[in-house]
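Rule-based calculations on the coordinates, nothing more; no lab input. In this text the structure is predicted, and so the values were computed from the model without any measurement. Note: ideal-geometry Cβ built from the backbone for every residue, glycine included; neighbour counts use all protein chains shown.
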Ligand SMILES: [Zn+2]
Ligand SMILES: [Zn+2]
């Protein structure tokens with residue numbers, strides 16, 4: 001089973017449209033795909049058609065920008081209902097706040113001597129409520145301030161650098177509740193990317209579990225192979241479901257291609273078992289003949 005439950009389309013900061021993503025997924029032998037755009041669900045309907053028409057199973061997903069204290073955490077919602085009112089309103093609130101953060105990033109970069117960053121990032125995002133650090137990164141590379149997108153993050157867009165702006169995202173408990181209320185599984189995205197110490201990780205995962213979190217992305221395109229192994233241990237310790245995702249954004253930009261991450265280590269229940277069970281429950285059963293006769 002080649003399941004890739006984390007990728008992005010042009011509806012957030014990905015480079016490919018749903019049809020192009022689905023074509024790529026088919027060419028790479030993916031059986032089950034989730035689209036997880038940042039804080040938005042607008043491409044899910046088109047993505048489902050594109051995937052299913054190519055014989056690929058599809059899971060509705062989203063990647064929510066949340067805060068645990070001062071630390072930004074990404075929470076994947078897998079198997080969500082994209083129409084659920086509470087989820088839709090929560091995501092809208094986050095998108096509204098993106099435009100303000102982007103303005104502050106533009107001003108901060110201007111102070112560091114880089115003009116036109118907001119306009120430059122907008123040329124990539126197309127819509128102020130989608131503006132992310134990735135769009136600023138593309139502008140900074142294009143304007144010659146760094147040679148690639150990975151390099152530009154370290155120089156300009158992480159804490160302590162000129163383009164970094166602290167921002168209040170959704171509270172962790174709100175993100176988990178929106179996902180659960182809409183019928184989804186809340187899963188910590190790329191847990192190895194937050195720079196937590198072992199003690200902090202233990203506290204964070206305990207909190208996430210208590211809030212109703214279902215799993216963690218054990219295998220991620222944003223992890224080293226060692227980190228995948230470490231998070232398999234954490235998942236077993238906490239009884240979390242395990243997920244697997246490339247976090248693919250686009251050809252030439254993502255170091256890992258769709259579906260090309262390692263297999264989920266043994267001894268971990270894959271989150272897609274639960275997702276597929278739920279999907280099967282939703283398919284209406286034909287009336288049983290005995291019931292009809294009764
Ligand atoms: Zn993320
Ligand atoms: Zn992502």
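Structure notes:
- GNM result for the chain, Cα springs below 10 Å: residue of 29, 195, 215 fluctuating most strongly: 195
- Relative contact order %, the chain, counting alpha carbon pairs below 8 Å whose residues are six or more apart: 19
- For the chain, built as a Gaussian network whose Cα springs stay under 10 Å, the top-fluctuating residue of 190, 249, 167: 167
- On the basis of the beta-carbon distance and an R0 of 22 Å, residue 103 and residue 207 show a calculated FRET efficiency of 0.10.
- Among 243, 42, 129, residue whose mean-square fluctuation peaks in a GNM of the chain (springs only between Cα atoms under 10 Å): 42
- Helix 198-211 vs. the chain, principal-axis angle (Cα, 0 to 90°, nearest 10): 50
- In the chain, the longest principal axis of the Cα atoms and the axis of helix 85-111 are about 20 degrees apart.
- Modelled spin labels at residue 70 and residue 159, positioned 7 Å past Cα toward Cβ, are 0.7 nm from each other.
- Helix 225-238 vs. the chain, principal-axis angle (Cα, 0 to 90°, nearest 10): 50
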